[in-house]
Amino acid sequence: MKLWLAMACSVLGTVAMTRTARAEELLMDGNFGLGTGLEAGDPGTGLEWRRARLRVLGGIDLRSDEGPADALGFRAFVEIEKRASVGAEVRYERWMARNFGVWAGLTGTIAPETLFGGGFGCTAIIPFGKKVGLFIEPSFQALPLGSDTPGDGVLIWGLVSAGVRFGL
Amino acid sequence: MKRWASLFLAVTMPLSSPLACAGDGCLRNSDCAADRMCSSGECVLKIPPAANGGEGGEDSTPSAGTSTAAGSGDNGGSAGTTTAGTAGSAGSASEAGASGATPGGAGATGSSGEGGSGVSIGLGGFGGDTSFGGI
């Protein structure tokens, strides 16, 4: 009897001390900033470089709290010089440290002309408080597909973006 | 913070229009207006305007057809081919002959080739243009 009582107490104690399993949570960070840089392409007269159009960008990064080093990022951007163009980007991000990550992904514009390609870059964050920070993000992208490049040329973007990053 | 702000400005705003996309040339089709495209660094019309000769050619074809009829009238009538050939088959050949002094020259060359010459004039579009302009 004493043995059964001791066993029951130990089982109850074990169960009582066990924490309830927590569901996986999705962590979300928002980004908003400006970007520009250099743009190169061959319009038929050889490779030419010029300043890339200024762009306004915004997006979110999604991470799981169980693996916060891996993230999926979505960006939308509008190039606001010349004819405004609208584009988007999806990327896989690997955060090497709390405030520094590298990424690679696909990017493109959908209007008024199409442009598709891929690229890579890195993101550094200067934290301001717990949930807000400034990000600076150099990137390199090559866009060989779409109707925006004259002929069969590849458009190259070497961009630097900067802005505000905030936890959601 | 000030340092970062100046760095941001230095990176994002520095290169102004001569080197920038505000320049005259184009690198992307979207640098040009909606009806234009980028070719060899310049914006050109996507659909080039049809040459006048083409229009004249269309119009001259039937006139060449009538010219055979009118041309059979007399040589002066053949001058009328280029001008009045279209509208003037109604037999105003004499009037056309009067006014067709300049086309008459063309008609003279046209007479050498008969119908064929009519076609060549028509393709050139000059006859067509002058005729329509005249009418």
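Please find the FRET efficiency linking A:Phe166 to B:Ala34, where r is the Cβ-Cβ separation and R0 is fixed at 45 Å, and quote it to the nearest 0.05. Result of the calculation: an efficiency of 0.75. Among A:Lys131, A:Lys82, the ranking by other beta carbons within 10 Å of each residue's beta carbon, starting with the fewest, stands as A:Lys131, A:Lys82. Look at the dipole of region A:54-168 built from charges on Cβ: of A:Pro127, A:Ile60, A:Phe77, the Cα furthest out on the positive end belongs to A:Pro127.
Close amide H contacts of B:Arg36 (hydrogens built in the peptide plane, cut-off under 5 Å, sequence separation of 5 or more or a different chain): B:Lys46.
Peptide A:43-51 is shielded by partner chain Cβ atoms: per residue, an average of 6 of them sit within 10 Å of its Cβ. Each residue of region A:114-128 was assigned a 3J(HN,Hα) from its phi angle through the Karplus expression (A = 6.51, B = -1.76, C = 1.60, θ = phi - 60°), giving 9, 7, 9, x, x, x, 9, x, 9, 10, 10, 10, 9, x, 10 Hz with x at Gly and Pro.
Here's how it looks for A:Leu54: its modeled amide H is under 5 Å from those of A:Ile80, A:Glu81, which are all 5 or more places away or on a different chain. Rounded to the nearest 20 debye, the dipole magnitude of region A:34-108 is 280 debye, with +1 charges on Lys and Arg beta carbons, -1 on Asp and Glu beta carbons, and the Cα centre as origin. Once label points are set 7 Å from the Cα along Cα→Cβ at both A:Ile80 and A:Ala8, what is their separation, rounded to one decimal in nm? Once both label points are built, they end up 7.2 nm from each other. Its Cα centre serving as origin, region A:64-168 has a Cβ charge dipole (Lys and Arg +1, Asp and Glu -1) of approximately 400 debye. Taking all Cα pairs closer than 8 Å and separated by 6 or more residues, the relative contact order of chain A comes to 21 percent. Computed from the C-beta positions of B:Glu42 and A:Phe32, the FRET efficiency with R₀ = 41 Å rounds to 0.70.
Bear in mind these aren't lab numbers, they're just calculated from the coordinates by the rules spelled out. None of these values were measured; they are calculated from a predicted model. So basically every Cβ, Gly included, is an ideal-geometry build from the backbone, and we count neighbours across all protein chains shown.
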